[in-house]
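Report on the structure given below.
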Amino acid sequence: APEQALDAHHLDPRADLYSLGCTLYYLLTGQPPFATGTLAEKLLKHQREEPTDVRVLRPDIPPALAGVVQHLLAKSPQDRYSS
């Protein structure tokens, strides 16, 4: 989760939900949300950039499922599901 790279000692379950979003993104598209770059570049992308919409890579994905992925991958923990 973006916040995990900054402060790994004060996380809550929403960090796990971000990880779940990354896993779901991979299962649906066959690639991670940020597939290119060095480790440092990928960490920055997780903090600052939005991944390519899953529907761009897989147009057959229902909009509701794409919305769930987007919600799970919200940069701010407050913008993710609470549980």
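The values are calculated or read from the model by the stated rules, or taken from the named source; none is laboratory data. Since the model is a prediction, treat every value here as computed from it, not as a measurement. Counting neighbours? That spans all protein chains shown, and the Cβs are built from the backbone with ideal geometry, glycine included. Ligands, DNA and RNA are excluded from the accessible area calculation, which covers all protein heavy atoms including side chains. Shrake-Rupley method; radii C 1.70, N 1.55, O 1.52, S 1.80 Å.
Tabulated results
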{"quantity": "Dipole magnitude (debye, nearest 20) for the chain, charges at Cβ of Lys, Arg, Asp, Glu", "calculated": "140"}
{"quantity": "GluC sites (Glu not before Pro) restricted to DSSP loop in the chain with at most 16 other C-beta within 10 Å", "calculated": "Glu49"}
{"quantity": "Net lengthening on full extension, Ala5/Thr38 (0.36 nm per residue, minus Cα-Cα)", "calculated": "10.4 nm"}
{"quantity": "Carbon + sulfur, % of accessible area of the chain - ligands and nucleic acids excluded, 1.4 Å", "calculated": "57"}
{"quantity": "Net charge, Leu11 excluded, C-beta distance under 14 Å - Lys, Arg +1, Asp, Glu -1", "calculated": "-2"}
{"quantity": "5 Å binning of all Cα-Cα separations within the chain, expressed as whole percents from 0 upward", "calculated": "3, 16, 27, 26, 18, 8, 2, 0"}
